[in-house]
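To keep things clear, I will list the structure first and then write my remarks on it.
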Amino acid sequence: MQEYILKPIMTSPTVVLAAASDKPAVVKIIPPRQPLPTAVIDPGKPLLKLGLDVHLECIMAVAQKDHASPHAPRKFTREQLVAQVHQWVAEGFQVFGVQESCGFGFVLHRELVAAGAQSFLITPVALNGRRKTDKLDARARCLRRARWLDGNREELAPVRIPSEAEQRRREGTRRRKFLAGAIRGHSQAAEYCHAQLPHRWWGPRNWQKLAALDPWVLGGLAGLRDLIVAMEAQLAALEAELLARVKDQVTPKGLGGLTLATLDGEVCDWHRFNNRKQVGSYTGCCPGEHSSGNQRRVGGIDRLGNGRVRALLVEAVWRFLLWQPNWQAAVKMKTRRGAGAAMKKKTVIALARQLAIDLWRWRTGRCPLAELGWIPA
């Protein structure tokens, strides 16, 4: 049985692994924790809080100077907002902007930081109940930002901003998923010819078998075939790039190089998590709860984390149940897996959360494969 020993003179990144034998101890270097974004306040400068509701066409902004009442909402373009932030910084204000994390990336965030502001992205949250407008949302974010700067850390939940290298690395895995789900042309053959196309109908052999179809339908399929062949070439290049990232690594049997590379790309950095609770929360596999008084009701999972990671974990669990019979987490839940189909699905979700935690322990060097009961590929 191995034991982790923390000595008083040791720094936090260093852990000594002591074995039961007289062999010398093995020193593991664990990188320091990555704190979430925090505000840096200069007491000698006035504050300007900026609540933003971002769209591609325009940006609704509400500003508040120190503890005065918020200003009226103003509509900016992205260039106008960055220029205004430049002006506020030149006037001596400390600008603190807040916007919701959405599908627009981090372009505006990086431009605001370059302009001298402290920009923060937060998790999406319902702000005004059943009433929702851009002006109300921007004002609510501005007021929440003010209370957050005053010390109430429950008002906002800032998210970690990936670097440009991490963002582009993650884009390769998402592009592969998009290309793999392209349209296949089956609906055209069913609608106009009442025929079913074979699997991978665009291949050389199957394509020759489709010569009896209606010429008009065949012409449409020919154009679609060219697109699919071109996309498959891109897909093969992306898969080769992803596999090259984990080519020389010892991986657990059943995980797969593409799955591991995709998980690494989505997480960006496994060292961003400080404990197992943060890992489980990121997956969205934690149960929802509605309790009051002595009554405790636990429902389905909240699905508040990364949906792509959650889907990959569930797929990986089914493979682990086949190829990793000694996986400690699965062994502990063996009786639950045999209690019916519904319970088995719930158990798989629980194992998906545990798999994310085990992957975090393995990828950060906290635990080797053998200690988890995993067989190397």
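The values are calculated or read from the model by the stated rules, or taken from the named source; none is laboratory data. Predicted model, so just to flag it, every value in this text is computed and none were measured. All Cβ positions, glycine included, derive from the backbone under ideal geometry; neighbour counts span all protein chains shown.
Inspection of the range 196-213 finds a residue satisfying the criterion of being among the basic types (Lys, Arg) and touching a Phe, Trp or Tyr at 6+ places or on another chain (Cβ under 9 Å). Just one of the numbered conditions (1) over 22 Å from the mean Cα position of the chain (by Cα); (2) in a strand (DSSP E or B); (3) over 17 Å from residue 77 (Cα atoms) is not true of residue 120: (1).
The set of residues in the range 232-257 that are assigned to a helix (DSSP H, G or I), touching a residue at least 40 places away in the same chain (Cβ under 8 Å), surrounded by 15 or more Cβ atoms within 10 Å (Cβ to Cβ) and not charged (D, E, K, R) comprises 235, 238, 242. For the range 37-57: of the residues being assigned to a strand (DSSP E or B) and out of contact with any Asp or Glu (no Cβ under 6 Å at 6 or more places or on another chain), which is farthest from residue 161 (Cα to Cα)? Once the filter is applied, the top-ranked residue is 48. May I ask you to verify whether residue 112 is within 24 Å of residue 72 (Cβ to Cβ), of a type outside the set (Asp, Glu), under 26 Å from the mean Cα position of the chain (by Cα) and in a helix (DSSP H, G or I)? Here the answer is yes, as residue 112 does meet what is asked. Taken over the range 197-211, residues that are part of a helix (DSSP H, G or I) and closer than 17 Å to residue 186 by Cβ amount to 4. Considering each residue of the range 55-73, count those that are surrounded by fewer than 19 Cβ atoms within 10 Å (Cβ to Cβ) and either hydroxyl-bearing (Ser, Thr, Tyr) or under 32 Å from the mean Cα position of the chain (by Cα) (or both), and give that number. The number of residues fulfilling the criteria is 5.
If the condition is being surrounded by 11 or more Cβ atoms within 10 Å (Cβ to Cβ) and more than 18 Å from residue 312 (Cβ to Cβ), then the range 163-182 contributes 163, 167, 168, 182.
Selection of the range 353-370 for residues being in a helix (DSSP H, G or I), of a type in the set (D, E, K, R) and either on the phi > 0 side of the Ramachandran plot or out of contact with any Leu (no Cβ under 6 Å at 6 or more places or on another chain) (or both) yields 353, 361, 363. Condition check: over 23 Å from the mean Cα position of the chain (by Cα), modelled with pLDDT of 90 or more and among the polar types (S, T, N, Q). Does residue 354 satisfy that? No, not satisfied. Within the set 76, 104, the sole residue that is touching a residue at least 12 places away in the same chain (Cβ under 8 Å) and over 28 Å from the mean Cα position of the chain (by Cα) turns out to be 76.
All conditions but one from (1) of a type outside the set (Lys, Arg); (2) crowded, with 16+ Cβ neighbours inside 10 Å; (3) closer than 19 Å to residue 127 by Cα apply to residue 94; the one that does not is (3). I'd like the full set of residues that are without any contact (Cβ under 8 Å) to a residue 12 or more places away in the chain and under 17 Å from residue 145 (Cβ atoms), limited to the range 53-71. Matches in the range 53-71: 68, 69, 71.
Annotation: residue 161 fulfils all but one of (1) under 27 Å from residue 279 (Cα atoms); (2) touching a helix residue (DSSP H, G or I) at 6+ places or on another chain (Cβ under 7 Å); (3) modelled with pLDDT of 90 or more; (4) aliphatic (A, V, I, L, M); the unmet one is (3).
The rows are residues; the columns are (1) within 23 Å of residue 249 (Cβ to Cβ); (2) crowded, with 18+ Cβ neighbours inside 10 Å; (3) under 25 Å from the mean Cα position of the chain (by Cα).
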position	(1), (2), (3)
300	no, no, yes
309	yes, yes, yes
316	yes, yes, yes
323	yes, no, no
347	no, yes, yes
358	yes, yes, yes
372	yes, yes, yes
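Of the helices (runs of 4 or more DSSP H) entirely within the range 293-338, those holding at least 1 residues that are touching a Ser or Thr at 6+ places or on another chain (Cβ under 8 Å) and modelled with pLDDT of 85 or more occupy 307-323. For the residues 227, 221, the requirement of being in the same structural domain as residue 170 (by TED's automatic domain parsing), under 30 Å from residue 188 (Cα atoms), of a type outside the set (Lys, Arg) and buried (at least 16 other Cβ atoms within 10 Å of the Cβ) singles out 221.
Which residues, counting only those in the range 185-211, are of a type in the set (S, T, N, Q), free of Cβ contacts under 8 Å to residues at least 12 places away in the same chain and in contact with a helix residue (DSSP H, G or I) (Cβ under 8 Å, 6 or more places away or on another chain)?
Going through the range 185-211, the residues of a type in the set (S, T, N, Q) turn out to be 187-188, 196, 206, 208.
Filter once more, keeping what is free of Cβ contacts under 8 Å to residues at least 12 places away in the same chain: 187, 196, 206, 208.
If the condition is that a residue be of a type in the set (S, T, N, Q), free of Cβ contacts under 8 Å to residues at least 12 places away in the same chain and in contact with a helix residue (DSSP H, G or I) (Cβ under 8 Å, 6 or more places away or on another chain), then 196 is the only one that fits.
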